[in-house]
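The values are calculated or read from the model by the stated rules, or taken from the named source; none is laboratory data. Note that the structure is predicted; figures quoted are calculated from it, not measured. All Cβ positions, glycine included, derive from the backbone under ideal geometry; neighbour counts span all protein chains shown. Surface accessibility is based on the protein's heavy atoms, side chains included, excluding ligands, DNA and RNA. Shrake-Rupley method; radii C 1.70, N 1.55, O 1.52, S 1.80 Å.
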Amino acid sequence: MENGGVYNETTEPEAKAPRRRPFGCTLRRLWGWRLPVKVVQAIFSFVAVVCEEIVEDCSYCSGLYFFEFISCSAFLLSLLILCVYCTDMYESLGKEKVQKL
């Protein structure tokens, strides 16, 4: 028995996968003034973390530890925002989940 009668070629053309940029980078979500502001925020928070680490000796360190926590948290959160909005992660997570995040 020949399988040619049962298994015909498809009549629909095979869809090509859309071209993806390296690492899925896109600037559609952060356009205009928002992208430079987020990049500057990440740079300033990183500089704050580095400046805090330079301090070798302190008499009242509780404020310094609080500053370290805040600056490190700001740096990590600004990187997270840049990663979510500038990659394909926004589409894969969905708008509602990103807003909740």
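Okay, residues lined up against (1) assigned to a helix (DSSP H, G or I); (2) exposed (fewer than 14 other Cβ atoms within 10 Å of the Cβ); (3) touching a His at 6+ places or on another chain (Cβ under 7 Å):
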{"site": "Cys51", "(1), (2), (3)": "yes, yes, no"}
{"site": "Asp57", "(1), (2), (3)": "no, yes, no"}
{"site": "Tyr65", "(1), (2), (3)": "yes, yes, no"}
{"site": "Ser73", "(1), (2), (3)": "yes, yes, no"}
{"site": "Leu77", "(1), (2), (3)": "yes, yes, no"}
{"site": "Val84", "(1), (2), (3)": "yes, no, no"}
{"site": "Glu96", "(1), (2), (3)": "yes, yes, no"}
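Within the stretch 52-92, track down each residue that is over 18 Å from Arg34 (Cβ atoms) and of a type in the set (Val, Ile, Thr).
Of everything in the stretch 52-92, those that are over 18 Å from Arg34 (Cβ atoms) and of a type in the set (Val, Ile, Thr) turn out to be Ile54, Val55, Ile70.
I'd like the full set of residues that are among the β-branched types (Val, Ile, Thr) and open to solvent by less than 60 Å² (accessible area, probe 1.4 Å), limited to the stretch 22-38.
Thr26
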